[in-house]
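> Got a structure for you, written out below as structure tokens; questions coming shortly.
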Amino acid sequence: MSPSSPTTTPDVFVTGIGAISCLGGSASEFWTGLKAAAATARPTPVPGLTERVPDVLAYQVAGGATGATGATGPAGVGARSDLGRAAGFALAAAREAVADAGLGPRELAGAAVVIGTAVGESGGRESRDRDGSTGDGSTGDGSIGDGGGDGGWEPMFSVAASVGGELGTFGANISVSNACAASGYALSVAVDLIRRGEADTVLLGGAEGISWVPLASFSRLGAADPETCRPFDAERRGTVFGEGAAVLVLQSARAAAGRRTYGRLLGTAWSCDAHHPTAPDPGGEQLVRVARAALDEAARGPGDIGCVIPHGTGTRQNDVIEHQVLHEVLGEHAARTPLFSLKAFIGHTAGAAAAFAAVSAALMARHGEIPANVPLAHPDPECPVLLPQDGPTALERPNVLVNAYAFGGSNFTMVFGGEAR
């Protein structure tokens, strides 16, 4: 594929990926975990919180509190001990993505960093206020904390700056925070930086560390499932949060020349319907609009989509509305377009959800297949989506549609094109 002509939308390629999640400390372990649907990770009690709010579970990264920020970093990946939990995850995933893309020091120095996160480093502040954390990630009682210095005020949304400072990037360092669509909006920002010629290389990602307030709040809303995250299951009772980070190296055609790519970011779109502080708009008008806008920018039609990675949180309102939206957007193709229910594997990673979905789309394109979904015990007749569960499904068309929705009516859709260059 040759570089875009001046009259076309400039191409944005994915040349590297990295991930750390409850499935493991690398993108390859993430893919292996997705392929093992029958033996996927399960949510676990949150230290210090579950005793007070029994229905609160989470998909946690192995290593516990000190493993997230200690000298060895997440899952044994090197990280500074003073980084917060989310930043530590983001740095580990970014280092893997940089190595995967084969970026040299000069390219890395000129790169921008854009990270989406819903709660940033609020978990560290919670720990210090609640337990008198020592600042090294320990709290004295085994509960989750992260680093963060001497207990003075610190910005919560500093993840991108932390990653850029550690890696030595001198481009823009931007943290985006608008709830669970954060890394989707961040992805749009990163694409614009490249298409406007403001950057040739962007480290784009999402990162979250488990913190108490969001988990307890979802319990109070009656939106926390006490067993597991099970989107589109008739017995679902809400969502279950997860933590970790996913990072992609995005590059212009010039910067990606000579590199093996995972595919292209063909179209992105976002909107805000502001229907309600927490509830989705039952009409779904803006959800339809944003999906169609992404398809238009990608110059793809409903029949070109080979897989959908839905927002699919496991809340009754979200799953039913998203099913209706997909049928309106994809039309006659909806019933035969397979969905991949990512949150059933790693939980709802909040502001990192879209980045994890983008990494999943890149891996599907690279391997030419969609992993089997976690089996549904009770498929919901109100949202009868196609969720293949009997082994991997061929990705017959290389375009993957990704949705991410958030409180306040923030909506995002992306079309990932897996055509190899």
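> Looking only at the range 307-351, count every residue that is more than 20 Å from R397 (Cβ to Cβ) and small (G, A, S) and tell me the total. I'd like the intermediate steps shown before the answer.
Of all residues in the range 307-351, those more than 20 Å from R397 (Cβ to Cβ) come to 311-324, 343-351.
Add one more test, that the residue is small (G, A, S), and what stays is 312, 314, 344, 347, 350-351.
Matching residues across the range 307-351 total 6.
> Kindly provide the set of residues from the range 198-256 that are in a helix (DSSP H, G or I) and surrounded by fewer than 24 Cβ atoms within 10 Å (Cβ to Cβ), ordered by number. Give the derivation first.
Taking the range 198-256 and keeping what is in a helix (DSSP H, G or I), we get 212-220, 253-256.
The answer is W212, V213, P214, L215, A216, S217, F218, S219, R220, A253, R254, A255.
> Tell me which residues, restricted to the range 11-48, are outside any helix (DSSP H, G or I) and free of Cβ contacts under 8 Å to residues at least 40 places away in the same chain.
As a first pass, look at the range 11-48 and keep what is outside any helix (DSSP H, G or I): 11-26, 36, 40-48.
Selection gives A36, T44, P45.
> Which ones in the range 369-421 are among the aromatic types (F, W, Y), at pLDDT below 95 and either in a strand (DSSP E or B) or closer than 16 Å to V329 by Cα (or both)? Don't jump to the end; show me each part of the working.
Here is the first cut: in the range 369-421, the residues among the aromatic types (F, W, Y) are 405, 407, 412, 416.
Those left that are additionally at pLDDT below 95: 405, 407.
Passing the criteria: only Y405.
> Kindly provide the set of residues from the range 243-287 that are without any contact (Cβ under 8 Å) to a residue 24 or more places away in the chain and farther than 24 Å from G408 by Cβ, ordered by number.
Within the range 243-287, the subset without any contact (Cβ under 8 Å) to a residue 24 or more places away in the chain is 258, 283, 285.
Across the range 243-287, the qualifying residue is only G258.
> Can you pull out every residue in the range 158-197 that is buried (at least 19 other Cβ atoms within 10 Å of the Cβ), small (G, A, S) and under 24 Å from R264 (Cβ atoms)?
Residues satisfying the conditions are A160, G171, A181, A182, S183, G184, A186, S188, A190.
> Scan the range 318-353 for residues that are in a helix (DSSP H, G or I), closer than 21 Å to I210 by Cα and not aromatic (F, W, Y) and jot them down.
Just the residues of the range 318-353 that are in a helix (DSSP H, G or I), to begin with: 318-336, 343-346, 350-353.
Checking the rest, the ones that are also closer than 21 Å to I210 by Cα come to 343-346, 350-353.
Result: K343, A344, I346, A350, G351, A352, A353.
> Would you call T349 surrounded by fewer than 24 Cβ atoms within 10 Å (Cβ to Cβ) and either in the same structural domain as A186 (by TED's automatic domain parsing) or touching a residue at least 60 places away in the same chain (Cβ under 8 Å) (or both)? Give the steps one after another, and end with the answer.
Working: surrounded by fewer than 24 Cβ atoms within 10 Å (Cβ to Cβ): no; either in the same structural domain as A186 (by TED's automatic domain parsing) or touching a residue at least 60 places away in the same chain (Cβ under 8 Å) (or both): yes.
Taking the combined requirement at face value, the residue does not satisfy it.
> Here are some residues: D200, D146. Which one is modelled with pLDDT of 90 or more and closer than 22 Å to A94 by Cβ?
On the way: D146 fails: modelled with pLDDT of 90 or more.
One residue alone meets the criteria, D200.
> Based on this model, can you work out whether L387 counts as buried (at least 19 other Cβ atoms within 10 Å of the Cβ) and closer than 19 Å to F232 by Cα? Reasoning before the result, please.
Numbers: buried (at least 19 other Cβ atoms within 10 Å of the Cβ): yes; closer than 19 Å to F232 by Cα: yes.
When the stated conditions are applied, L387 passes them.
> Restricting attention to the range 26-70, which residues are within 18 Å of S360 (Cα to Cα), in contact with a Ser or Thr (Cβ under 9 Å, 6 or more places away or on another chain) and either basic (K, R) or at pLDDT below 90 (or both)?
A41
> Next question, about the same structure. What residue, among those in the range 75-103 that are assigned to a loop (DSSP other than H, G, I, E, B) and modelled with pLDDT under 95, is farthest from L23 (Cα to Cα)?
Our first condition is that a residue be assigned to a loop (DSSP other than H, G, I, E, B); within the range 75-103, this holds for 77-84, 102-103.
Next cut, modelled with pLDDT under 95 only: 77-84.
Numbers: V77: 15, G78: 18, A79: 19, R80: 22, S81: 23, D82: 25, L83: 22, G84: 21 Å.
So, considering only residues that are assigned to a loop (DSSP other than H, G, I, E, B) and modelled with pLDDT under 95, the one farthest from L23 (Cα to Cα) is D82.
The values are calculated or read from the model by the stated rules, or taken from the named source; none is laboratory data. Just so it is clear, the model here is predicted, and its values are computed rather than measured. Note: ideal-geometry Cβ built from the backbone for every residue, glycine included; neighbour counts use all protein chains shown.
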